[in-house]
Amino acid sequence: MRRRFAQLIFFLAIIIGTVLFWYNEEMVGPFTEGRGLVNEGEYGRAIGVLETYLEEHPRSHRASRALFFIGKAYVGLGQMDRARGTFESVLQEYPRSLEAHKSRYKLAMIALWENRFDDALAGFQILAGDPDGPLAPEAGAMAEWLTRGDQQTPRTRGQILSLL
């Protein structure tokens, strides 16, 4: 009796594990592909893959990351208005996520790239004020750099884009 029960538990574990593995792979595959395409500079393709992923898995725990990577892809394409809108969507839809914190940083960098120095400074100061935020040190350094009177602030898009 005990042996049969142990066998039943073993087979159930195998079946459940297999189902969970395939379900997880179905969700992870497109996300990983989209993220990889962003990292390879295939921004247009990445946007399509990640948008499809979000349509198929809107409540996935990777949804905030997928949306963030879409924003990065728009930056890569030089479409700053769309990038800004996407990063703002991350902030609205996932305000307590790591990606929201990263999106605030990207928004401040976009403001800097567009020579909106006051907006950039405000964004960096907000981030620097969150001591637990992973980008607080970088944001603090950027805020300090922007407020120094002797800085050589880059004025060309190329110089600022290199900071992104």
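For Glu99, are the conditions met, namely being surrounded by 15 or more Cβ atoms within 10 Å (Cβ to Cβ) and either without any contact (Cβ under 8 Å) to a residue 12 or more places away in the chain or among the acidic types (Asp, Glu) (or both)? It is true that Glu99 is surrounded by 15 or more Cβ atoms within 10 Å (Cβ to Cβ) and either without any contact (Cβ under 8 Å) to a residue 12 or more places away in the chain or among the acidic types (Asp, Glu) (or both). What residue, among those in the range 20-51 that are more than 16 Å from the chain's Cα centre (by Cα), at pLDDT below 95 and surrounded by 11 or more Cβ atoms within 10 Å (Cβ to Cβ), is farthest from Val90 (Cα to Cα)? Applying the filter and picking the extreme gives Glu26.
The values are calculated or read from the model by the stated rules, or taken from the named source; none is laboratory data. Computed from a predicted structure; not experimentally measured. Virtual Cβ from ideal backbone geometry, glycine too; neighbours counted across all protein chains shown.
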